[in-house]
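Below: the structure, in structure tokens.
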């Protein structure tokens, strides 16, 4: 189900969510990457765990974001019902330097993680020399 028309209450909650820079940055990362773990958001945004959790709780309470737990990790994503509206808003913000810097930080952290996993898997293998 997608939001085609929404109530005044939902509109107010949506604009309140977008009135805070931290929440906009979190939503942008979730919008770009589909789903992210809270620890990744903390590292990318250089936020404390408390600050990140507080903003994610706010976004969950306004029904903009949903979560799922896998082992000890919690993953967050933008709810399907609100994705269209959020996508339209971010079309006007896609060249913002802060948001682009956050995405670059994510790419660096992700590539470093991939490199670390590769090294871990390949360091114990005997060489073919």
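Table for the structure above
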{"quantity": "Count - residues of the range 62-77 that are in contact with a strand residue (DSSP E or B) (Cβ under 6 Å, 6 or more places away or on another chain) and in contact (Cβ under 8 Å) with a residue 40 or more places away in the chain", "calculated": "3"}
{"quantity": "One residue from 28, 15, 90 being over 25 Å from residue 113 (Cα atoms), in a helix (DSSP H, G or I) and under 15 Å from the mean Cα position of the chain (by Cα)", "calculated": "90"}
{"quantity": "Selection count, the range 31-48, where residues are in contact (Cβ under 8 Å) with a residue 24 or more places away in the chain and assigned to a helix (DSSP H, G or I)", "calculated": "10"}
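For every residue, the table says whether it meets (1) surrounded by 14 or more Cβ atoms within 10 Å (Cβ to Cβ); (2) modelled with pLDDT of 95 or more; (3) under 24 Å from residue 95 (Cα atoms).
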| site | (1), (2), (3) |
| --- | --- |
| 1 | no, no, no |
| 46 | no, no, yes |
| 59 | yes, yes, yes |
| 71 | no, no, no |
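The values are calculated or read from the model by the stated rules, or taken from the named source; none is laboratory data. Quick caveat: nothing in here was measured; it's all calculated off a predicted structure. All Cβ positions, glycine included, derive from the backbone under ideal geometry; neighbour counts span all protein chains shown.
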